[in-house]
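Each remark here refers to the structure printed beneath this line.
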Amino acid sequence: MRTEGDVREFPRYSISEAAFYVRIPVTTLHAWTQGQDYVTATGVHRMFRPLITLADKKNKLLSFYNLVEAHILRSTTERGVPFKNVRKALDYVQETIPGKHPLLTHDFETSGKELFIQHLGETINATAHGQRVMREILDKYLTLIPRDGYGLPIRVFPINSRRLAIDPLFSSGKPIVRDRGITASVLWGRNKSGESIPEIAKDYGLAEVEVKEAIEDYEWKAAA
């Protein structure tokens, strides 16, 4: 299914960089990758295990697969699901779908997501409506992940992005213009240096709307 040379497993993103690409606060991704402290009813300090196992724990670097896991977990932030509930739901998924990256598998996309939703806690599962809304949100994120023949991610389209894609085979996994392979940060940088959108579009053989929307999509990352 995967080889040891799979570039999708290579450590490449710092926590701050990955957070910008996935469009979540750095503090959130830090908790997801490092774990989160909590206090028991008896006042004892403990720690929830991380939601994401870093590709390089020593240097705190995420792989492309880790980045996609963060993208999927971002769905839970839209409903304000507490860390402990997500950790519990992940435990159930991992029991059912063994392996390094159960969230990324075809099994999760088809049946595992239902198990995940069922164990997110009472806030989500109190009503059929709550489950349906969470399912729709999760599906929104899953449909942004093109997959290979084994059902594993080959790229991801950042949420709320019209033009950007992240592909581990292009630009060292940095955001690129979809179907073009042009690094978004280059377009953004040239525009910020004073070059007009028509000039940039002409140089790269892009439509002006492609350049404009790619730059606007990248603004979130640059401003974060």
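Just give me the residues in the range 172-218 being surrounded by 14 or more Cβ atoms within 10 Å (Cβ to Cβ), outside any loop (DSSP other than H, G, I, E, B) and within 18 Å of the chain's Cα centre (by Cα), in sequence order.
G173, P175, I176, V177, A184, D217, Y218
If you go through the range 71-79 one residue at a time, do you hit one that is surrounded by fewer than 18 Cβ atoms within 10 Å (Cβ to Cβ), more than 24 Å from A165 (Cα to Cα), at pLDDT 95 or above and in the same structural domain as S14 (by TED's automatic domain parsing)?
no
Please count how many residues of the range 42-73 are closer than 23 Å to K84 by Cβ, within 15 Å of the chain's Cα centre (by Cα) and part of a strand (DSSP E or B).
Residues meeting the conditions: 1.
Which condition breaks for V44 when tested against (1) in contact with an Asp or Glu (Cβ under 6 Å, 6 or more places away or on another chain); (2) aliphatic (A, V, I, L, M); (3) surrounded by fewer than 18 Cβ atoms within 10 Å (Cβ to Cβ)?
In the conditions (1) in contact with an Asp or Glu (Cβ under 6 Å, 6 or more places away or on another chain); (2) aliphatic (A, V, I, L, M); (3) surrounded by fewer than 18 Cβ atoms within 10 Å (Cβ to Cβ), V44 misses (1) alone.
Where the second residue is at pLDDT below 95 and the first is farther than 11 Å from S172 by Cα and lies in the range 1-14, which pairs have Cβ atoms under 6 Å and are six or more apart or on separate chains?
M1/Y150
Surrounded by 14 or more Cβ atoms within 10 Å (Cβ to Cβ), within 19 Å of I145 (Cα to Cα) and out of contact with any helix residue (DSSP H, G or I) (no Cβ under 6 Å at 6 or more places or on another chain), is that true of T105?
yes
Pick out the one residue from N125, N160 that is at pLDDT below 95, over 30 Å from P11 (Cβ atoms) and polar (S, T, N, Q).
That would be N125, the only listed residue that is at pLDDT below 95, over 30 Å from P11 (Cβ atoms) and polar (S, T, N, Q).
Which one is surrounded by the fewest Cβ atoms within 10 Å (Cβ to Cβ), of the residues in the range 108-122 that are in a helix (DSSP H, G or I) and small (G, A, S)?
Step by step, filter the range 108-122, then rank; the result is S111.
The values are calculated or read from the model by the stated rules, or taken from the named source; none is laboratory data. No experiment lies behind these values; they were computed from the predicted model shown. With ideal geometry, Cβ positions are generated from the backbone for all residues, glycine too; neighbour counts draw on all protein chains shown.
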